[in-house]
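The values are calculated or read from the model by the stated rules, or taken from the named source; none is laboratory data. What you see is a predicted model; the values in this text were computed from it and never measured. Cβ placement follows ideal geometry from the backbone for every residue including glycine, while neighbour counts extend to all protein chains displayed. Just so you know, the surface numbers come from the protein's heavy atoms only, side chains and all, with ligands and any DNA or RNA stripped out. Shrake-Rupley method; radii C 1.70, N 1.55, O 1.52, S 1.80 Å.
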Amino acid sequence: GTIGIVTGGPELGLRGTWRGFQWPLRGNAPAVTSPGGEFSLGGRWPFDLQASGRIKPADLPEFPAQMRGSLAKDRVVVREGSAALWGGKASVAGEAQWAPEYRWGFKGHVAELDVAQLRADVPGRIGFDFAASGNRFAGDTDLDLRFDKLAGRLRGAAARGGGHVQRTDSLWHFDNVA
């Protein structure tokens with residue numbers, strides 16, 4: 001690739017692969033790991049970023065994902081992202097910020113999620129819109145999760161619903177979960 005020393009730069013034109021990535025970069029309890037993938041990083045701050053590979057968020061199985069967005073000095077922005085998980089597909093957009101404070105937020109749509117892969121006694125597939133946010137990159141993050149337009153079939157019956165789930169200081173709150 002190329003690295004140009006320019007006003008407002010640097011200016012990058014990089015392509016490559018990664019192995020054994022984790023976020024945060026330091027520490028023994030990463031929020032996300034990845035065994036490998038490919039990336040391109042280009043332009044000036046904020047850099048255009050494209051990436052695809054396998055990722056494993058803490059407490060979830062590993063799955064393939066790809067994204068297009070940007071990398072700034074204080075955050076990564078996902079303009080378009082997609083992932084395949086539990087037999088379904090997700091589209092996502094959002095950002096993760098690490099300065100001046102940690103916070104993240106993503107929204108998107110999940111289609112054809114195979115619920116039996118989560119609970120074998122609940123066969124069926126569902127789809128829904130979601131919005132999720134938190135204030136840390138660890139399993140104990142304060143969490144706000146909204147889901148709407150849930151539709152599909154579970155145990156042979158029509159399923160519809162939505163709701164709001166929050167975790168604040170390890171206390172869980174459920175609002176209009178149906």
Answer from TRP86, TRP104 - the residue that is in contact with a helix residue (DSSP H, G or I) (Cβ under 6 Å, 6 or more places away or on another chain) and in contact (Cβ under 8 Å) with a residue 12 or more places away in the chain: TRP86
Filter the strands (runs of 3 or more DSSP E) completely within region 29-146 down to those with at least 2 residues that are closer than 28 Å to VAL177 by Cα and open to solvent by less than 40 Å² (accessible area, probe 1.4 Å). 75-85, 88-97, 103-114, 124-134
For the subset of region 1-28 comprising residues that are of a type in the set (Lys, Arg) and in a strand (DSSP E or B), which member is surrounded by the most Cβ atoms within 10 Å (Cβ to Cβ)? ARG15
